[in-house]
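**Student:** I'd like to ask you about the structure that follows.
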Amino acid sequence: MEKILIIDDDVTFSLMLRTWLGKKGFGVDTAADIAAGGSYVCEEDGRVVATFAFLPGPDSSYDVIEGGQWRSDAPYAVLHRVASDGTTHGVAAAMFAFAEERIDHLRIDTHQDNLPMQGAIAKAGFKRAGIVYVSDGTARVAFDWLREA
């Protein structure tokens, strides 16, 4: 089944679109990141080249972790739905720097086969914490970052 992520701050439109796409056989997720004030874009020369969600925790996907543990129980923020059009280098580093300026503890997860993202996460100083399961039940490799004292 094809999946579509709807990111829209118009609740009525999102619901109509979700219903219509669902009837057409698509699995649909909606992101409330905009309404929560956590949806960000990266621009270059006035053109959007990437997007990500930066949201305060807790995140229920991180309540249970297998094969490891979180390094801290301190309040944290999460980075989700990271996407780039691939035309600009350094987008992940800029996103991590943005988040690290705002909080002392971050968590992020990605697919096991997303090696480029795992590399960017490690390069930014995140440590592998274990495996978590997101709302649709799929496993993700989880990482956390703590500001050095």
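**Student:** Which of the residues spanning the stretch 120-139 are without any contact (Cβ under 8 Å) to a residue 40 or more places away in the chain and surrounded by 13 or more Cβ atoms within 10 Å (Cβ to Cβ)?
**Tutor:** ALA120, ILE121, ALA124, GLY125, PHE126, ALA139
**Student:** Also, I was wondering about something else. Is it fair to say ARG107 is outside any loop (DSSP other than H, G, I, E, B), charged (D, E, K, R) and modelled with pLDDT under 90?
**Tutor:** In short, no.
**Student:** Could you tell me how many of the residues in the stretch 109-141 are aliphatic (A, V, I, L, M), in contact with a helix residue (DSSP H, G or I) (Cβ under 6 Å, 6 or more places away or on another chain) and closer than 16 Å to GLY67 by Cα?
**Tutor:** Counting residues in the stretch 109-141 that are aliphatic (A, V, I, L, M), in contact with a helix residue (DSSP H, G or I) (Cβ under 6 Å, 6 or more places away or on another chain) and closer than 16 Å to GLY67 by Cα gives 2.
**Student:** Run TRP70 past the list (1) of a type in the set (Phe, Trp, Tyr); (2) outside any strand (DSSP E or B); (3) within 14 Å of the chain's Cα centre (by Cα) and report the number of the one that doesn't hold.
**Tutor:** (3)
**Student:** Pull up the stretch 126-149, narrow it to residues that are part of a loop (DSSP other than H, G, I, E, B) and either out of contact with any Phe, Trp or Tyr (no Cβ under 8 Å at 6 or more places or on another chain) or modelled with pLDDT under 95 (or both), then point me to the one that is farthest from ARG81 (Cα to Cα).
**Tutor:** Restricting to residues being part of a loop (DSSP other than H, G, I, E, B) and either out of contact with any Phe, Trp or Tyr (no Cβ under 8 Å at 6 or more places or on another chain) or modelled with pLDDT under 95 (or both), the top hit is ALA149.
**Student:** Among the listed residues VAL28, VAL41, which satisfies the condition of being modelled with pLDDT under 85, assigned to a strand (DSSP E or B) and crowded, with 17+ Cβ neighbours inside 10 Å?
**Tutor:** VAL28
**Student:** Same structure, new question: Kindly list the number of the only condition in (1) surrounded by fewer than 17 Cβ atoms within 10 Å (Cβ to Cβ); (2) modelled with pLDDT of 90 or more that fails for MET117.
**Tutor:** Every condition holds for MET117 apart from (1).
Yes/no per residue for (1) surrounded by fewer than 15 Cβ atoms within 10 Å (Cβ to Cβ); (2) under 25 Å from CYS42 (Cβ atoms); (3) charged (D, E, K, R):
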{"residue": "SER61", "(1), (2), (3)": "no, yes, no"}
{"residue": "ILE65", "(1), (2), (3)": "no, no, no"}
{"residue": "ALA77", "(1), (2), (3)": "no, yes, no"}
{"residue": "ALA92", "(1), (2), (3)": "no, yes, no"}
{"residue": "ASP144", "(1), (2), (3)": "no, yes, yes"}
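**Student:** Under 7 Å by Cβ, and 6 or more places apart or on different chains, what pairs join a residue from the stretch 83-111 that is farther than 17 Å from ASP59 by Cα with one that is hydroxyl-bearing (Ser, Thr, Tyr) and buried (at least 16 other Cβ atoms within 10 Å of the Cβ)?
**Tutor:** Here the result reads ALA83/THR51; VAL91/SER84, each pair linking the stretch 83-111 to a residue that is hydroxyl-bearing (Ser, Thr, Tyr) and buried (at least 16 other Cβ atoms within 10 Å of the Cβ).
The values are calculated or read from the model by the stated rules, or taken from the named source; none is laboratory data. A quick note: this is a predicted structure, and the numbers were derived from the prediction, not measured. Cβ atoms come from the backbone with ideal geometry, glycine included; neighbour counts cover every protein chain shown.
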